[in-house]
Amino acid sequence: MAMRFRGFLPIIVDVETGGFNAKTDALLQIGATMVQMDNQGYLHKDKTYFYQVEPFKNANIEQAALDFTGIDPFHPLRGARTEDEVLKEFFQHVRQAVKESGCTRAVLVGHNAAFDHNFMMAAAERCDIKRNPFHPFSNFDTATLAGFVLGHTVLAKACSLAGIEFDNAAAHAADYDAERTAELFCLMVNRWKNLGGWDLAVRANKLQKND
């Protein structure tokens, strides 16, 4: 894995929010799906983490955003936790995965990744978290990749074209969208490998020669 993405470990992240402004609008859900690489160099979806997040103090929440996601931020059974609690726990899982993979840092993978990345970075800044395992500005955008590989940028349509089951009724929950995005990312990376775009043995030999 460390050779495949320049030492970065892809972590697929989806967030649901109270609006579009990462600085002012509430972060309400985080879904994150890990990926693993097999001995042949193919990526596979692994475990998923899911967190309900309490809106930070004085956070803006747009009703239109709640109507879109169906989230009730203050429902007593939501089991939401503070941003600080959630991020510290989640980042610990990410750091452990980075270490186990032999990578040096995580890179956020998302569908329209800049949106998810901005909210994650803003939340980490609010919580004054110094050891953020994610790259501070790089990300992998599956919307761009899907437009190139499959000819469509909408997640549901791209999944359909790729033969990945997508339930529109379950969409816009962070864990569900993260898992579908992970499947799509793995499929596109693996297809490129099948086309000859990346060969594990060749890369390993080149690194050994350079050493």
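The values are calculated or read from the model by the stated rules, or taken from the named source; none is laboratory data. Since we're looking at a predicted model, the values are computed, not measured. Cβ atoms come from the backbone with ideal geometry, glycine included; neighbour counts cover every protein chain shown. Surface accessibility is based on the protein's heavy atoms, side chains included, excluding ligands, DNA and RNA. Shrake-Rupley method; radii C 1.70, N 1.55, O 1.52, S 1.80 Å.
The table below gives the values:
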read-out: Inter-residue pairs, beta-carbon under 6 Å, first within 20 Å of ALA123 (Cβ to Cβ) and in segment 60-85, second of a type in the set (Gly, Ala, Ser) and part of a loop (DSSP other than H, G, I, E, B), 6+ apart; value: ASN60/GLY19; ILE61/GLY18; ILE61/ALA26; GLU62/GLY18; GLU62/GLY19; ALA65/GLY18; ALA65/GLY19
read-out: Sole exception among (1) assigned to a strand (DSSP E or B); (2) open to solvent by 30 Å² or more (accessible area, probe 1.4 Å); (3) among the hydrophobic types (A, V, I, L, M, F, W, C) for VAL109, by number; value: (2)
read-out: Qualifying residues in segment 173-202 (those that are among the β-branched types (Val, Ile, Thr) and touching a residue at least 60 places away in the same chain (Cβ under 8 Å)) - the one least open to solvent (accessible area, probe 1.4 Å); value: THR181
read-out: Single residue of GLY31, GLY19 found to be among the small types (Gly, Ala, Ser), buried (at least 16 other Cβ atoms within 10 Å of the Cβ), outside any loop (DSSP other than H, G, I, E, B) and at pLDDT 95 or above; value: GLY31
read-out: Which listed residue, of VAL98, VAL149, is of a type in the set (Val, Ile, Thr), within 24 Å of ALA171 (Cβ to Cβ) and either open to solvent by less than 80 Å² (accessible area, probe 1.4 Å) or touching a helix residue (DSSP H, G or I) at 6+ places or on another chain (Cβ under 6 Å) (or both); value: VAL149
read-out: Some residue of segment 124-136 being farther than 18 Å from VAL13 by Cβ, at pLDDT 95 or above and open to solvent by 10 Å² or more (accessible area, probe 1.4 Å); value: yes
read-out: Residue that is aliphatic (A, V, I, L, M), open to solvent by 30 Å² or more (accessible area, probe 1.4 Å), within 17 Å of LEU28 (Cβ to Cβ) and more than 18 Å from the chain's Cα centre (by Cα), where the choices are ALA59, ALA64; value: ALA64
read-out: Matching residues in segment 112-122 - criterion: being within 16 Å of PHE185 (Cα to Cα) and either touching a Lys or Arg at 6+ places or on another chain (Cβ under 9 Å) or outside any helix (DSSP H, G or I) (or both); value: ASN112
read-out: Residue within segment 123-137 that is in contact (Cβ under 8 Å) with a residue 60 or more places away in the chain, closer than 20 Å to GLU16 by Cβ and more than 12 Å from the chain's Cα centre (by Cα) present; value: yes
